[in-house]
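Here is the structure we will look at, set down as structure tokens.
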Amino acid sequence: MKNDTPANFLEMLAYFISLQIEDHKFVYVGTGLPMAAAILAHKTHAPNITMVYESGGQDPIEGDMPWSVGDPFTWRKAAVLQEMAYSFGQSANGYVDIAFLGFAQVDMYGNVNTHQIGKDLTNPKIRLTGSGGNNDLSSLTENMVLVGLQTPERFPERVDFITSVGHLEGGKSRQEAGLIGRGPIAVISQWGIYDFEPETKRMRIKSLTPGIPFEIAQQSTGFELLKPNGDIPETPMIPPDVLDILRMKVDPNGVFTTMPS
Amino acid sequence: MSTFSYNQEALKNLNIGDASLLNHLIDFESAREAHLNKVRGKVDKRISLKEAVAEYVMDGDVLCDTGFSYVRTCHQAFFEMMRQGKKDLQMIGAPNTNQSYMINYGSVTFSHNSYVGAEMRGTDRNYSRQLKNGKVKILSEWSHGGIAQGLKAAQLGAPGLFSKQMLGSDIMNYNPYIKTMQNPMRDDSDPVAFIPALYPDVAFLHVQVADKYGNACIYGPVVNDIALAAATRKVIITAEEIVPEINLRYVKDGAMIPFIYADAVVELPFGAVPGNMPGYYYWSRQWWEKLMRYAAPDEKRFIEFIEEWIMGTKDQFEFVEKLGGAKWIAEARRQTKAAESNNEDIDFRYQEYTTVNKADIYY
């Protein structure tokens, strides 16, 4: 079934995420959009990647979209299904190249909050999930990519709770805290792709979604976004043939790429 | 019992006045004593679930979750603890705390968290409400990997291990058990997190097959369960099927738990319902949607739901009847085989539970 409607935000996000995945890499994915994106990359420009999951499964035979990290689709006929402690150990030991994580809040240094809205853990405004594997991957993996929708509340100057350290307070503070890997290399939202300025480690625009001016991105952010030198590049739009693959072969039931009503 | 030197800032941040509540989880001597007293010989350990819960779950025990969120989790054992009115358990919600219904009835009053919620089904608004109402007190906050390392250290017989996880995060400020230290072998600065070995009081491990002595075989994700079985003071194996011991020798397709860990064995078909049991049945997606999306946001609806499904059923068979009986079993079996690539692919589309799309069979 061919569908000519333009890409929605989630489909664009899935494409932007997939662009971060180079071929021949070990990729740690959670459920949700990053998983659809990793499969999209696998079916397009990165046919030789290997996917690793927190459940311990790796390199499963592709099937439907899993609703849980422990779902059979994350270990479907997998040759290897490791205990969870060992699965994270692979990240620490340098076997994982890139990992994707979601957030409820992300700050200017790429620190992530998935714990709560409000400052007090014993009495928050809203309790969210807590870490799960978010902190482990963020602490250990060579390259981290953070993925989520962008609003001022979700991009505050300081997160309410640091679940996972990104670049902590900038500069060399991540390394000084004892963490492994380069930390977050990108943040991907519906408005754009951001990287981190190499010295200060502050979030910086890398490219914006076509049609989105700087002002929109800045108004959706609770801190000052750094700009690249010169003109701000546009993120390439999802080509029609890739959109077709996403809709027909990656997530045909729209589990992760249908906008919530 | 030993005395312990906790992370004082975390005690303060968590408002824990009586730190002795924390001791049992890291008390090696009493765990070793419990293990020394386990029956050595191969004896028939089979009892019923009701007997196992009555005999082995004591009010105030440290109870640990098993499986992974909805996968191979001992939901029916949790339900039986509720029905028997167990009180004041400390729940280790790792890998998951989607058992927050135990809080509303006072079965769980303390939690050690690494994850709260139901993944794609959303955050657990019941847990959030119980926390704000003071019905549950957080004793420690973790990452998945941190708690996995604590259990693994116990399995290795090590007092703890040094981790590179959780450093610099606010989790360190809300976990009395973890301390940031300098790596003692390095001259240059190298912060590490010391994680003590963890010894829960009681765990129910639901497996596909076991023998009557407690040799147990897990197919699908093991997650923490081998380490947990080695660490825990009281281990109850519940199994979809009990098989002769000879069937569990030379098993290649699955991970083994040795019988010495098991205090009791329960034959418990559908013991992971409404979760997914690899090889046996897929999870009831609509049941979880009704719980997390319809019931959990409102206290009254939540209690009605729990009264109907947990307190209002006497065992797993009544529960399965409510899900849709034999029709549900046939579909759940077909789905899990398809998910595992063990039959022809089937269409996984289904109607999500809404107040309009009410389910008569909970697929």
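Readers should treat all values here as calculations from the given coordinates under stated rules, not as data from a laboratory. The shown structure was predicted, so the numbers you read here are calculated from the model rather than taken from an experiment. Methodologically, a virtual Cβ is constructed for each residue, glycine included, from the backbone with ideal geometry; neighbour enumeration extends over all protein chains shown.
Whole angstrom only: what separates the Cα centroid of segment B:319-348 from the Cα centroid of segment A:87-122?
When both Cα centres are located, 35 Å separates them.
Would you calculate the volume per residue, in Å³, of the smallest convex hull containing every Cα atom of segment B:1-279?
Per-residue hull volume (Cα only) is 139 Å³.
Among B:Ser128, A:Ser55, B:Ser48, B:Ser140, which comes first, second and so on when ranked by fewest other beta-carbon atoms within 10 Å?
Starting with the residue having the fewest Cβ neighbours, the order is B:Ser48, B:Ser128, B:Ser140, A:Ser55.
Separation of segment A:241-261 and segment A:196-217 by C-alpha centroid, Å?
Taking the Cα centre of segment A:196-217 as reference, the centre of segment A:241-261 is 27 Å away.
Hey, what did chain A get for relative contact order, percent, Cα under 8 Å, at least 6 apart?
19
In debye, nearest 20: dipole of segment A:176-220 around its Cα centre with unit charges on the Cβ of K, R (+) and D, E (-)?
80
Sequence gap of 8 or more, or different chains, plus Cα separation below 30 Å: how many lysine pairs satisfy both in chain A?
Counting lysine pairs in chain A gives 22.
Which net charge results when you count Lys and Arg as +1 and Asp and Glu as -1 among the other residues whose beta-carbon is under 12 Å from that of B:Asn224?
Here the count lands on -2.
When only alpha-carbon atoms count, how far does the protein assembly as shown stretch along each of its three principal axes, as whole angstroms with the largest first?
76, 61, 50
Choose one of A:Asn123, A:Met237, A:Tyr28: the residue whose Cα lies farthest towards the positive end of the charge dipole of the protein assembly as shown (beta-carbon charges +1 Lys, Arg; -1 Asp, Glu; about the Cα centre).
Among A:Asn123, A:Met237, A:Tyr28, the one farthest towards the positive end of the dipole of the protein assembly as shown is A:Asn123.
Rank B:Tyr261, B:Ser30, B:Ser48 by how far each Cα sits towards the positive end of the charge dipole of segment B:1-279 (+1 on Lys, Arg Cβ; -1 on Asp, Glu Cβ) and give me just the farthest.
Working it through, the farthest residue towards the positive pole turns out to be B:Ser48.
Excluding A:Gly170 itself, what net charge comes from residues whose Cβ is under 13 Å from its Cβ, given Lys and Arg +1 and Asp and Glu -1?
Summing Lys and Arg as +1 and Asp and Glu as -1 gives 0.
What relative contact order, as a whole-number percentage, does chain B give when Cα pairs under 8 Å and 6 or more residues apart are counted?
Rounded, it is 18 percent for chain B.
Taking neighbour counts of Cβ atoms within 10 Å as a proxy for exposure, in what order, fewest first, do B:Tyr56, B:Tyr280 appear?
By the 10 Å Cβ count, ascending: B:Tyr56, B:Tyr280.
Kindly provide the GluC sites (Glu not before Pro) of segment B:266-363 that DSSP labels as loop, not H, G, I, E or B, and whose Cβ sees at most 15 other Cβ atoms within 10 Å.
Answer in residue order: B:Glu344, B:Glu352.
Please report, in debye to the nearest 20, how large the charge dipole of segment B:1-279 is about its Cα centre when each Lys and Arg carries +1 at its beta carbon and each Asp and Glu carries -1 there.
Rounded to the nearest 20 debye, it is 280 debye.
Using square roots of five times the C-alpha gyration tensor eigenvalues, list the equivalent-ellipsoid semi-axes of chain A in whole Å, biggest first.
26, 24, 18
Please give me the summed charge of the neighbours of A:Met84: other residues whose Cβ is under 10 Å from its Cβ, Lys and Arg +1, Asp and Glu -1.
Neighbour charge sum, excluding A:Met84 itself: -3.
Could you pull out every one of the lysines with an alpha carbon less than 22 Å from that of B:Lys322, ignoring same-chain neighbours closer than 8 positions?
B:Lys50, B:Lys290, B:Lys300, B:Lys314, B:Lys358
On a C-alpha basis, how far is the centre of segment B:258-300 from the centre of segment B:142-180 in Å? Whole number, if you could?
28
Starting at the first residue of segment B:330-336, write each ³J(HN,Hα) from the Karplus equation 6.51 cos²θ - 1.76 cosθ + 1.60 with θ = phi - 60°, in whole Hz, x for Gly and Pro.
Karplus-based 3J(HN,Hα) across segment B:330-336 equals 4, 6, 5, 5, 4, 5, 5 Hz.
In debye to the nearest 20, how big a dipole does chain A give about its Cα centre with +1 on each Lys and Arg Cβ and -1 on each Asp and Glu Cβ?
For chain A, the charge dipole is close to 220 debye.
With 10 angstrom as the radius, rank B:Trp288, B:Trp328, B:Trp142 by how many other C-beta atoms surround their C-beta, starting from the fewest.
Fewest to most other Cβ atoms nearby, the residues stand as B:Trp328, B:Trp288, B:Trp142.
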